[in-house]
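Enquirer: Questions regarding the structure given below will be posed in turn.
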Amino acid sequence: MNSSLLALLLFIPLVGAAVCVLLPSRLAKGISLVTTLVGVGLAVLLYQTFEGADSDKMQLAWALPWIPTYGIKFGLAIDGLSFPLILLTKIMMPIAILASWGEERRLRAFAVCFLVLDFAMTGTFLATDIFLFYVFWELMLIPMILLIGVWGSQNRIYAALKFFMFTFTGSILMLVAILWMFLAHQTQFGFFTGEIAQFSKVLFSGTPVFMGFSSQDFVFWGFTLAFLIKVPLFPFHTWLPDAHVQAPTGASVILAAVLLKMGTYGLMRFSIPFCPEAFVKFIPILSTLSLIGIVYGAWVAFQQTDMKKLVAYSSVSHLGFVVLGLCALNREGLTGSVLQVVNHGVSSGALFLLVGMLYERRHSRQFEDFGGLAAVMPRYALFLVFVACSSMAVPGLNGFVGEFLILLGSFKAKPMWAYIAVSAALFGALYLLVMIRQVLFGPVTSGENKNLKDLSFRDWASLVPITIIILVLGIGPNVLLRKINPALDSFWKNALEKTTVKTGVTTMNIKRNTKRDKKV
Amino acid sequence: MNTVIDNFLIPILPVMAFVLSALLLIIIECIKRPSLRPLSNLLGILGPIGAIAATCYLFKSSSLLVFSNAALGVHEAWLGEFINSYNLDEITLAWYWAIGAFSFIGFVFVESYFQESEDLPEILILIQFIAAGMMLLVSANSLLMVFMALELMSLPTYVLVGIEKGKHFSAEASLKYFLFGSFASVLLLFSIALLYSYTGTLQLGQISSFLRAPLGGETSSGILVLAASALFIVAIGFKIGLVPFHMWLPDVYVGAPTPITGFMGSAIKLAGFGLALRLWWGMLGPISSHWTSILGTLSVVTMFVGNLAALQQRNLKRLFAYSSIAHAGYLVLGLISVSKVGSVINHQSIFYYLVVYGFMFLGVFGILALIEKEFGSADISNIEGMGFSNPILGLCLTVFVLSAAGIPPTAGFLGKYLLFVDAIRAGHTTLVVLAVLSSVIGVYYYLRIIVALFMTEPSQKIVLPIKKGSFLFCIIACAFLMFFFALFPNRLGI
């Protein structure tokens, strides 16, 4: 059982999709829900099986040969980096399907798209082979553009194409970087392999190849650009509001909760371990961009009058924090980033869910159409306030832990970063509170709003689990941390050792940090 | 007699399957009895099946086949000539198999497209000859054979392109193709003459060893060889649609009857690249480095011209014609990156790409043929909403489009991946970066097809009639192969 647990996690959605195709359309929603619930069950099993405390290695490995000539395998395994994301994916899937329960058009195709998306996302996190990773990474785009393009709102085709072209441009450059690594490994070690762990052994020569940049710089940007577009970091974020606003609620939830996380996952899995020197070299650029993203995202969110757009821009701001935490190059920042990834997934997923519930009832997301909903829908209001608190990092809820650690880490690295980021965190409270004031409080202005129904059973079913997660991660983040800490330790050690050995000036900063960490 | 069987009849069995079935068809056609029509259709399909079977047989017994001049008597000198000009190695057998498979699917599409046409038997006969020509072309070992096979392949194609006599575009396309094609043939002849004057032989291998001697760039012989190889590049460039020799291609692909276009784009392209591979690495190998940078540049230009021109198209036939130009660009990049160890040419990546691309192209044009029959033209507006009104055809077209765009998990992606691995290995990293950037442009127009299929509300809902089960089966088989080859690339030798 243990050895094939990951394969089950991966393939169950695909089996569900096949069943959906074969059975009548009206059963599709039920089948997809059952399939994803089985996924949740397997995720719980995975939580028990996963030995975070004892091991930082890849676990539960499972592999089939695929292209032996090039050493490419169909290999799955899990470690502390992918573990929280797998849990997140599996938990958010049924919630997203519940969120789209009201969908009535082309149900079979809708369910199949969701399940294939589930399959691709799981595969992306589990793949141990770089080729397999790329296959899943791109496969993910197809169901997503269909979800946006077929079931979205008016401007859906534009949004779908924009989403696809942005991510595809990034990932095709990553393909070149992958090929480069692939052949560099072959020249240095004499054999082809697709194993991701092997590539961090590849050494780069420091000689500049073009305009003063070494080959490592190019490989680094090949990978990183793809991930930054996915995150999305500041100048590459423009696809995000469009995609979010046009997508149906379920797709928005998945997009915010899981898809964006692939960017930061990629940074930690590929960019930093493969090219640590280049990462350290470009930290000034990355941190500047993430700081701009944090401030700019929050400021633009503050200006929005559309709830979904507001949440979308808040994602830009929150994910800027994640990248900043990685740039801090210390243990606090790293832990904070990993936590923030999960937290953002849960909270902004929940915010999209809540906005979707309102949209389902009222067919509007504009502030001006609402007001005084707290009186009409008290339970809804309670949840909205609660989730908003989590998103603006109120102590005791999940958002606080991650954001605090990131701020701590960046303060250690460069106090200036923390000052700027903190000011943006204030903005974060501001725009969410403005939204709450406009939507929930004040007089009930519109007659249509007087008869809005409060939460249904389906809404409860999707909101309660999220609430539990928010509380658990807020009060006892150790539930998750103790499973992933060993992996983070070794990730940090390996990435750091490499940089301290090979780079000159920039490592001073890291060495100082290492010493200080030891004292702490 | 035994030597004749062993050295002539058995090696040439796949070609003979096509030729025999074509000859039988001609005889039946002379009788002119309507009742014999089903028989002629059956015979037509027996050609490719026989060829595939014969290829399988040769695969199994390939170790038994020994070509040797020594065993031949004096009166069998013609056989020696044949053996010298015919090359039966593993590469050839693999390409034979692909040609047989493409012809089979082409046959099925042609049969159902021209069901009511009086010309169906003639069309089938011509396709048989084309297929025989293609097989001889990829196995040619002497320039004489190259030229004969090329003409055997090309002349029936000129006719087939214009076979829809009533259609004005068809006739124009036929004439255009004939003029361009014969021009290319003349250039090829001229370069054969130049090479013969320099080396005194027509055998590819002998020419290659002649060229291995260092070339004096300024000496007259050096210029002679370079001129000859330039003419080769131009002639082959015409055949495979390399920019700037691509002008004929969109018009011909649009003007030709749709299933014929499918056959041309898959099988003839495959044969063209088979020829290019043989001539480039089998004959011009020693001097190929002179041309690598020029061909590399041309390949990138081809990709960009094809992809940029395809962006503008609303007619799907024309769109895929331009996309096939772009694909020729990728293939040329693969061609110059092929590595040669000893006399073994590592043709696997380019072969994989060609086969996958061929099935994709055939499948697309099979679907386009249906659309064109229903609506009169294959405009992109005619496929709006087809993903939901005709789910099977819509899904198949989606798979083909994704494969053409090189998006995983389809085989088209693996094809590009393998080509790029070869190219980076050969040191063409910049070209690969440009190639992937051009494929970003390409993705946009492929996406437009997906948008039309699924995301646009159709003005009226139309269910395309599929009259023949075999037709649908072939399209589904092509789509299935897009996944099969991705999952089991070792089936194609990777």
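The values are calculated or read from the model by the stated rules, or taken from the named source; none is laboratory data. Small disclaimer: the values here were computed from a predicted structure and weren't measured. Don't worry about glycine lacking a Cβ; one is built from the backbone with ideal geometry, like all the others, and counts go over all protein chains shown. Quick note on the areas: whole protein, heavy atoms, side chains included, nothing else; ligands and nucleic acids left out. Shrake-Rupley method; radii C 1.70, N 1.55, O 1.52, S 1.80 Å.
Enquirer: Over 28 Å between Cα atoms, which of A:K29/B:K461; A:K162/A:K483; B:K32/B:K165; A:K412/A:K493; A:K414/A:K493 qualify?
Expert: On the way: A:K29/B:K461 25 Å; A:K162/A:K483 38 Å; B:K32/B:K165 21 Å; A:K412/A:K493 18 Å; A:K414/A:K493 21 Å.
Beyond 28 Å: A:K162/A:K483.
Enquirer: Which whole-number percent gives the relative contact order of chain A, counting Cα pairs below 8 Å spaced six or more residues apart? Walk me through the numbers on the way to the answer.
Expert: Values: 872 pairs, mean separation 81.8, N = 520.
Computed value for chain A: 16 percent relative contact order.
Enquirer: To continue, here is another question. Can you bin the protein assembly as shown into rounded, prolate or oblate? Criterion: square roots of the alpha carbon gyration tensor eigenvalues sorted a ≥ b ≥ c, rounded for a/c under 1.5, prolate for a/b above b/c, oblate for the rest. Present the calculation step by step, with values, prior to reporting the outcome.
Expert: Values: a/c = 2.43, a/b = 1.68, b/c = 1.44.
Here the protein assembly as shown falls in the prolate category.
Enquirer: Lysines within cross-link reach of A:K450: Cα-Cα under 28 Å, excluding same-chain residues under 8 positions apart?
Expert: Those lysines meeting the cut-off are A:K308, A:K309.
Enquirer: With every protein chain kept in place and ligands, DNA and RNA left out, what is the accessible area per residue of the protein assembly as shown? Probe 1.4 Å, answer in Å². List each step's numbers first, then the result.
Expert: Working: 35710 Å² over 1014 residues.
About 35 Å² of surface per residue is accessible.
Enquirer: As a test of the formula, what do you get for chain A when each DSSP H run with n ≥ 4 contributes -39,500 (n - 2.57) and the sum is divided by the residue count, at 222 nm and rounded to the nearest 500 deg cm²/dmol? Write out the running numbers ahead of the final one.
Expert: Details: 23 runs with 371 residues, N = 520.
Theoretical 222 nm ellipticity from helices: -23500 deg cm²/dmol.
Enquirer: Once you order the gyration tensor axes a ≥ b ≥ c over the Cα atoms, which shape class does segment B:2-492 get: rounded for a/c under 1.5, otherwise prolate or oblate by comparing a/b with b/c? Display every interim value, and only then the final one.
Expert: On the way: a/c = 1.74, a/b = 1.24, b/c = 1.40.
Since a/c reaches 1.5 but b/c is at least a/b, the shape of segment B:2-492 is classed as oblate.
Enquirer: Work from the charge dipole of the protein assembly as shown (Cβ charges, +1 for Lys and Arg, -1 for Asp and Glu, about the Cα centre) and give the residue of B:S339, B:S208, A:L353 farthest towards its positive end.
Expert: Value: A:L353.
Enquirer: If you don't mind, another one. Quick check for you: which residues of segment A:282-304 have the amide N under 15 Å from the point 7 Å beyond the Cα of A:L426 toward its beta carbon?
Expert: A:295-296, A:298-299
Enquirer: Another question, then. Could you work out the longest stretch of chain B that avoids the GluC sites (Glu not before Pro) located in DSSP loops with at most 15 other Cβ atoms within 10 Å?
Expert: Working: sites that count: B:E116, B:E118, B:E218.
Between the exposed loop sites, the longest stretch runs B:219-494.
Enquirer: Something else about it: Testing the spin-label approximation: label points 7 Å from Cα along Cα→Cβ at A:Q188 and B:F488. State their distance in nm.
Expert: Taking the simple label geometry, A:Q188 and B:F488 are separated by 3.7 nm.
Enquirer: May I pose another question? Chain pair B, A: how much accessible area is buried, both chains summed, with a 1.4 Å probe, in Å² to 100?
Expert: 3300
Enquirer: Rg and Dmax of segment A:1-281, using alpha carbons, in Å: what are they?
Expert: Considering segment A:1-281 through its Cα atoms, Rg and Dmax are 19.2, 62 Å.
Enquirer: With each pseudo-label sitting 7 Å past Cα toward Cβ, what's the B:E457-A:V464 distance in nm, one decimal?
Expert: Result: 3.9 nm between the two label points.
Enquirer: In nanometres, what is the gap between the two model label sites at B:I392 and B:W78, each 7 Å from Cα along Cα-to-Cβ?
Expert: Placing both labels 7 Å along Cα→Cβ, they lie 5.0 nm apart.
Enquirer: Still on this structure, please answer the following. Below 8 Å between Cα atoms, with a sequence gap of 6+, how large is the relative contact order for segment B:156-315 in percent? All intermediate terms of the calculation are to be shown ahead of the outcome.
Expert: Numbers: 148 pairs, mean separation 48.4, N = 160.
Rounded, it is 30 percent for segment B:156-315.
Enquirer: Also, quick follow-up: Quick one: pull the percent of accessible area on the protein assembly as shown belonging to carbon and sulfur, 1.4 Å probe, ligands and nucleic acids left out.
Expert: Numbers: 24220 of 35710 Å².
Ligands and nucleic acids excluded, carbon and sulfur reach 68 percent.
Enquirer: For chain B, what's the relative contact order in percent, using C-alpha pairs closer than 8 Å and at least 6 residues apart? Intermediate results must be reported in sequence, preceding the final value.
Expert: On the way: 733 pairs, mean separation 66.4, N = 494.
Relative contact order here is 13 percent.
Enquirer: Still on this structure, please answer the following. Let me know the longest stretch in chain B that avoids all trypsin sites (Lys or Arg not before Pro) found in a DSSP loop with at most 16 other C-beta atoms within 10 Å.
Expert: B:315-460
Enquirer: Place a +1 charge on the Cβ of each Lys and Arg in the protein assembly as shown and a -1 charge on the Cβ of each Asp and Glu, then give the dipole magnitude about the Cα centre in debye, rounded to the nearest 20. Write out the running numbers ahead of the final one.
Expert: On the way: 62 positive and 47 negative charges, 478 e Å.
Charge dipole of the protein assembly as shown: 2300 debye, to the nearest 20.
Enquirer: Between A:K201 and B:K340, how high is the FRET efficiency from 1/(1 + (r/R0)^6) when r is the Cβ-Cβ distance and R₀ = 35 Å? Nearest 0.05.
Expert: Numbers: r = 31 Å, r/R0 = 0.88.
The formula returns an efficiency of 0.70 here.
Enquirer: Which FRET efficiency value, to the nearest 0.05, is calculated for B:A193 and A:Y158 with the Förster distance at 51 angstrom and r the Cβ-Cβ distance? List each step's numbers first, then the result.
Expert: Values: r = 58 Å, r/R0 = 1.13.
In this case the efficiency is close to 0.30.
Enquirer: Report the FRET efficiency, 1/(1 + (r/R0)^6), for B:L308 and A:T69, where r is their Cβ-Cβ distance and R0 is 41 Å, rounded to 0.05.
Expert: Values: r = 34 Å, r/R0 = 0.84.
The pair B:L308/A:T69 has a calculated efficiency of 0.75.
Enquirer: Can you tell me the orientation of helix A:478-502 relative to chain A, as the angle in degrees between its alpha-carbon axis and the longest Cα principal axis, to the nearest 10?
Expert: 40
Enquirer: Treating the angle as unsigned and between 0 and 90°, give the value, to the nearest 10°, between the Cα long axis of helix A:378-391 and the longest Cα principal axis of chain A.
Expert: Its long axis makes an angle of about 20 degrees.
Enquirer: Put simply, what bits of segment B:409-442 lose 40 Å² or more of accessible area when the other protein chains are there, versus the chain on its own (1.4 Å probe)?
Expert: Residues of segment B:409-442 that lose at least 40 Å² of accessible area once the other chains are added: B:P409, B:F413, B:Y417, B:V421, B:I424, B:R425, B:V436, B:V440.
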